[in-house]
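The structure appears right after this line, and notes come after that.
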Amino acid sequence: MRSQKEHVLRVVEERDIHVVQLWFTDVLGTPKSFNIAPSELEGALREGMTFDGSSIDGFSRVQESDVLARPDPITFQVFPWKDGELSAARIFCDILNLDGTPFEGCPRNVLRRTLDRARQKGFTFHAAPELEYFYFASADLDGGLRLLDTGSYFELTGTDTAGDLRNRTVVALEQMGVPVEYSQHEDAPSQHEIDLRHADALTMADTVMTARLVVKQIAEQHGVHATFMPKPLEGVQGSGMHTHFSLFEGESNAFSEPGDPQGLSRIAKGFIAGLLHHAPSITAITNQWVNSYKRLVAGYEAPVHVSWARNNRSALVRVPLPKRGKPESTRVEYRAPDPACNPYLAFAVVLAAGLDGIESGYELPPEAAANVYALSPEELAAEGIRALPGSLAEAVDLMEGSELVAETLGEHVFEWFIRNKRAEWAVYKTHVSRFELERYLARL
Ligand code: GLU
Ligand code: MG
């Protein structure tokens, strides 16, 4: 049988690829890449390519700046479009130190390490995100943001530009081997959603990086701007990245227990309990921007409180009903993450939280029955329902106190992330906004 590497080299030759992009991700989830000629690929697959890591946020300390990008052959994909006459392909890389050990600043390594821990317990971890995003006529802020459509939830908007862009995106993703479960118009005008079919979490984190790029690239090819910013418009919903998670033991879904009234195994209950326990301290990772916290407010179908329920869109963890006769589709939907997170780190902390719940045997609190938004502070307190952090500053403080997050991210990423986010908050804190000027300038 041909190895994966041989397969990649053969496709590069047969499809006459001119450029191979080596992709990786910085700590904040920004896509990074450098290009190599196809003739370099064989060597790169064998030995990796050295590059200067200090040029990338969160990667290297200056004194040890060279790192190695080693392409992961299983991730190789040809782009379905051409760049002029040139055809290109991309391949994700793991970042290593020059001695071949995993580089601590690489988010893909953070997730790999956490997945290995799950594997030692016999689990594989699956994720299926729902990516919400907006299309705007441009990213130019003079004159305000111009929407592309005025559609709403599941609206069939027919032949409008945004719907067409979304369809083209889905086709391009399918051509790149990314199965899309479905796509739809979302609740807010010009807001759309693409739901990806579940895969193991490492593949899925790579896929989220790819999908974000393809959404933006196809929009750009048509003179439009797509954004995954969590809350670009006031007064309408923001964009979330609800993600459905499940653990498998071999071929069987470890969350499913058909005899249980809720269809959930002990493992699933432990996982949810762990997720709820650690939710406030992993929020800085799943919601990493100042703007993320403008989305996590009541009334817009984004979670605010730490609760779970089977069918309640105000809950942080939702357990969707599995399809009839398909217990293998049992999963938990975590509704906090937004699509501007670093998916490698987000999936890693969610998994770590869930595993801790299973190992420590946390008790699953009772299901939140009512619409959690509607509960008064007294009712919330009586039910012991905590809130998610209300700002980036609060989230970072909670994260800093979490051993689980420190262990999962490793010291390098943990410390760099906290430093970077504190700096972001410091800039935001001194910013005088339009809100303040409009409210106070004339009045005071
Ligand atoms: N856009 C909402 C959010 O920010 C979610 C809407 C939905 O339920 O899909 O999470
Ligand atoms: Mg949605």
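Nothing in this text is a laboratory measurement; each read-out follows from the coordinates by a stated rule. Quick caveat, the model's predicted, so the values are computed rather than measured. All Cβ positions, glycine included, derive from the backbone under ideal geometry; neighbour counts span all protein chains shown.
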- Query: Roughly how many Å is it from the Cα centre of the range 422-444 to that of the range 272-287, as a whole number?
  - Reply: 29 Å
- Percentage relative contact order, the range 259-317, counting C-alpha pairs under 8 Å, at least six apart: 24 percent
- Message: Please compute the modelled spin-label separation between ARG310 and GLU13, points set 7 Å along Cα→Cβ, answer in nm with one decimal.
- Response: 5.8 nm
- Principal axis box of the chain, alpha-carbon based, largest edge first, Å: 67, 57, 50
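Hey, with R₀ at 45 Å, roughly what FRET efficiency would SER252 and LEU441 work out to, going by the Cβ-Cβ distance, to 0.05? Don't skip to the answer; put the middle values down first.
Numbers: r = 63 Å, r/R0 = 1.40.
In this case the efficiency is close to 0.10.
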- Message: If the elastic network links every pair of Cα atoms under 10 Å, which of VAL372, VAL27, VAL236 fluctuates the most in the Gaussian network model of the chain?
- Response: VAL236
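On a full-extension model of 0.36 nm per residue, what is the gain between GLU407 and TYR182, subtracting their alpha-carbon distance, rounded to one decimal in nm?
Details: separation 225, 0.36 × 225 = 81.00 nm, distance 3.58 nm.
Taking 0.36 nm per residue and subtracting the Cα distance, the gain is 77.4 nm.
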- Query: When only DSSP loop residues count, what trypsin sites (Lys or Arg not before Pro) in the range 173-280 have their Cβ near at most 16 other Cβ atoms within 10 Å?
  - Reply: ARG197
- Message: Looking at the chain as a GNM with Cα springs under 10 Å, which of MET241, MET49, MET204 has the largest mean-square fluctuation?
- Response: MET49
- Filtering GluC sites (Glu not before Pro) in the range 119-198 by DSSP loop and by at most 16 other Cβ atoms within 10 Å leaves GLU155
- Message: Within a 10 angstrom radius of the beta carbon, how do PHE24, PHE248 rank from fewest other beta carbons to most?
- Response: PHE248, PHE24
- Note on the structure: Going from the fewest other Cβ atoms within 10 Å to the most, one would list ASP356, ASP164, ASP206 as ASP164, ASP356, ASP206
- Mind giving me the nanometre distance, one decimal, between the label points for LEU141 and GLU367, set 7 Å out from Cα along Cα→Cβ? 4.5 nm
- Query: In nanometres, what is the gap between the two model label sites at ARG197 and LEU213, each 7 Å from Cα along Cα-to-Cβ?
  - Reply: 2.2 nm
- Message: Using each residue's phi in the range 259-266, evaluate 6.51 cos²θ - 1.76 cosθ + 1.60 at θ = phi - 60° and report the 3J(HN,Hα) Karplus result to the nearest Hz, with x for Gly and Pro.
- Response: x, 7, x, 9, x, 10, 6, 4
- Proxy reagent accessibility, fewest Cβ within 10 Å first, across ARG439, ARG313, ARG434: ARG434, ARG439, ARG313
- So if we plug the beta-carbon distance of LEU86 and ASP66 into 1/(1 + (r/R0)^6) with R0 = 45 Å, what FRET efficiency do we get, rounded to 0.05? 0.95
- With springs connecting C-alpha atoms under 10 Å apart, model the chain as a Gaussian network and identify which of ALA205, ALA426, ALA352 has the largest mean-square fluctuation. ALA426
- Task: Please work out the C-alpha center-to-center distance from the range 1-53 to the range 172-205 and express it in whole Å.
- Result: 24 Å
- Between ALA387 and residues 5 or more places away or on another chain, the pairs with built amide H atoms under 5 Å apart involve VAL306
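Counting other C-beta atoms within 10 Å, and keeping those with at most 12, which DSSP coil trypsin sites (Lys or Arg not before Pro) do you find in the range 22-105? Don't skip to the answer; put the middle values down first.
Numbers: sites: LYS32, ARG46, ARG61, LYS82, ARG90; in loops: ARG61.
Answer by residue number: ARG61.
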- Item | Inter-centroid distance (Cα atoms) of the range 62-124 relative to the range 305-382, Å | 29 Å
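In percent, what relative contact order does the range 1-105 have, based on Cα pairs under 8 Å that are 6 or more apart in sequence?
Numbers: 180 pairs, mean separation 30.3, N = 105.
Here the relative contact order equals 29 percent.
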- Take the Cα of SER433, step 7 Å along the line toward its Cβ, and report every residue of the range 233-249 whose backbone nitrogen sits under 14 Å from that point. 233-236
- Item | Cut-off 15 Å between beta-carbons: net charge of the residues surrounding ARG2, Lys and Arg +1, Asp and Glu -1 | -2
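What does the charge count around ALA137 come to, taking other residues whose C-beta lies under 14 Å from its C-beta (Lys +1, Arg +1, Asp -1, Glu -1)?
Values: positive: ARG146; negative: ASP140, ASP142, ASP149, ASP160, GLU220.
Net of charged neighbours comes to -4.
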